[in-house]
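Trainee: Quick one: structure below, then a few questions.
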Amino acid sequence: MERMRLLRTISYAPFILAGAILLTSCTTENAPGGEVNAPAPGSSITSMEQNAVIDYETPVQLPGIIVDRVGYSSQEVKYAWVVAAQMPACFDVVDEKSGEVVFQAEPESVVYNSETGVYYCKIKFGDVVSEGTYHIEESSLGQSYSFAIEDDYYISDFDDFLADEMAKCEDLSITAEEVYSLAYIGERYSFSIDDATKLWESVGKWLEAVDTTGVDADEAGLIAAIYAKTSFNYTSTDSAMEVDGAKDLADAWKIKAEEIYSGIADLDGELAEDTDFLALAELYRLTGKGAYASDISDMYDYINGLDDIHTSRKYLYGSMCYMNTHRTVNRNLCDLFMQSLLMSCEEISWDKTLIAPQNANRTETDVLLDYAQQLIAMNYVLDGYQYNELVVSIEHYMSGRNYEGYLCNIKEEYPEDAIVIMSWLALLEKNGKLDPSAPVEWEYSW
């Protein structure tokens, strides 16, 4: 799927200035749910004109204290951000159940923008580890949105969502993109899954029931890739091999994958290049046939001409499959994939303004998902805390820690991306890698 690149030049000074004016005006509106004074009983409000003229946009109230509106893990280094015309000396973290101030935080990394007259800073409250619901407040700025702190925040969230996705496999309400993502995490991040065999059973039930009648060429290509990927794992991944009849199913799905792919030319629509590459990568790893390897090599010039290879999940996932086939591969193509992935990940590492809450132009969710997916894939090859930290920060940004306080429910809007990102966060939490100071050794599942 092609994604539009984010324009790097962003002009946000006018928006921050507008936000600063809002933050220093009516304090009753600073906190979510604040009360607004109503007219006295019996009074009336009339227009200055005979016929009222309504020609304005409703102002958007921006939060002054910016948090993840959903929650944090008790393990992680927890941050909130402040954007305000004046910088208070201290902020209170309040337990909403007891109403008590459980922690007082001083602003860190304070920056003043002389052009707009606005301060911004970070508030660190990692010492708050008890489970509960909290908010952060300050008398002149009001309070933040509420948020939760949980011991197994990412693990429990992932477990619940995974259960929903597996149920969708069985009632056939799931998309092919989501099924591929399930197979992807089942192969790569099985340590984050309580019962990976059950996941493979769900994928298998979908494959047994899916009807390819009437699908177009591109959908058929993706389904062929799923058959090939699942067949491979049913003979090579421990949790998948434990499925009843795994060997026989793998043999049948190998034949099915090749049948579907070979018949694509007779279907309506066109097979997109990235879908074709993904299917070829999975089929080559499964079968080792030279024809598939040759077709992949023939795609080098086309892929080399692309500006953003890995913004397509199919190129991203396909390249990770191709580079781990344990078969003869085109080294030039592998170098191209790795160089592109590394440079893209380094780009966001340097340009952290993309997820800086003080920027009035919010980075679009699909752009952030592109980066999160690439960072996770890169960390599979080159483990490093920096990339892990960025993925966690992206998750918080999408969950409300941005200038607008905008909350995106990626589980509903982008489930095929959400399941991969959430499995990685659960893996980080299980390995104690959310806190960089924790002296923990990785327990890799691959």
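The values are calculated or read from the model by the stated rules, or taken from the named source; none is laboratory data. Given the structure is predicted, the values throughout are model-derived calculations rather than measurements. Each accessible area value is taken on the protein alone, full model and side chains, heavy atoms only, with ligands, DNA and RNA left out. Shrake-Rupley method; radii C 1.70, N 1.55, O 1.52, S 1.80 Å.
Trainee: Taking amide hydrogens as modeled 1.01 Å from N in the peptide plane, which residues meet the under 5 Å criterion relative to Phe103, leaving out close sequence neighbours?
Mentor: Val93
Trainee: For region 186-248, what is the accessible area per residue in Å² when the probe is 1.4 Å?
Mentor: Roughly 39 Å² per residue, with all protein chains present.
Trainee: Can I ask one more? For region 276-287, just list the computed ³J(HN,Hα) in residue order, Karplus coefficients 6.51, -1.76 and 1.60, θ = phi - 60°, integers in Hz, with x standing in for Gly and Pro.
Mentor: Calculated HN-Hα couplings, in order: 4, 4, 4, 4, 5, 4, 5, 5, 5, 4, 6, 9 Hz.
Trainee: Could I ask something else about it? Leaving out ligands and nucleic acids, note down the accessible area per residue over region 104-147 with a 1.4 angstrom probe, in whole Å².
Mentor: 51 Å²
Trainee: Karplus couplings for region 255-270 from phi (6.51 cos²θ - 1.76 cosθ + 1.60, θ = phi - 60°), rounded to Hz, Gly and Pro as x?
Mentor: 5, 5, 4, 6, 5, 4, 5, 5, x, 4, 4, 8, 9, 6, x, 10
Trainee: With a 1.4 Å probe and every protein chain left in place, tell me how much accessible area Val129 has, in Å² to the nearest 10.
Mentor: Here the accessible area works out near 70 Å².
Trainee: Using Cα positions and a limit of under 28 Å, work out the lysines in reach of Lys229, with same-chain residues fewer than 8 apart set aside.
Mentor: Cross-link targets: Lys168, Lys198, Lys205, Lys247, Lys254, Lys256, Lys289, Lys314, Lys411, Lys430.
Trainee: Here's a follow-up. Any idea of Trp206's accessible area? Nearest 10 Å², probe 1.4 Å.
Mentor: 10 Å²
Trainee: Heavy atoms only, 1.4 Å probe, whole protein assembly: order His326, His135 by accessible area, highest first.
Mentor: His326, His135
Trainee: Still on this structure: Between Gly132 and residues 5 or more places away or on another chain, which pairs have amide H atoms under 5 Å apart, with H built 1.01 Å from N, and which residues are they?
Mentor: It is Ile149, by chain and number.
Trainee: Tell me the carbon and sulfur percent of the accessible area for region 289-446, rounded to whole percent, probe radius 1.4 Å.
Mentor: Result for region 289-446: 47 percent of the exposed heavy-atom area is carbon or sulfur.
Trainee: If you plug each phi of region 170-184 into the Karplus form 6.51 cos²θ - 1.76 cosθ + 1.60 with θ = phi - 60°, what whole-Hz ³J(HN,Hα) values come out, in order, with x for Gly and Pro?
Mentor: So the Karplus estimates, Gly and Pro as x, are 6, 9, 6, 8, 8, 8, 5, 4, 5, 5, 4, 4, 5, 5, 4 Hz.
Trainee: Under 18 Å between alpha carbons, and skipping anything fewer than 8 positions from Lys122 in its own chain: which lysines qualify?
Mentor: Hits, sequence-local ones excluded: Lys78, Lys352.
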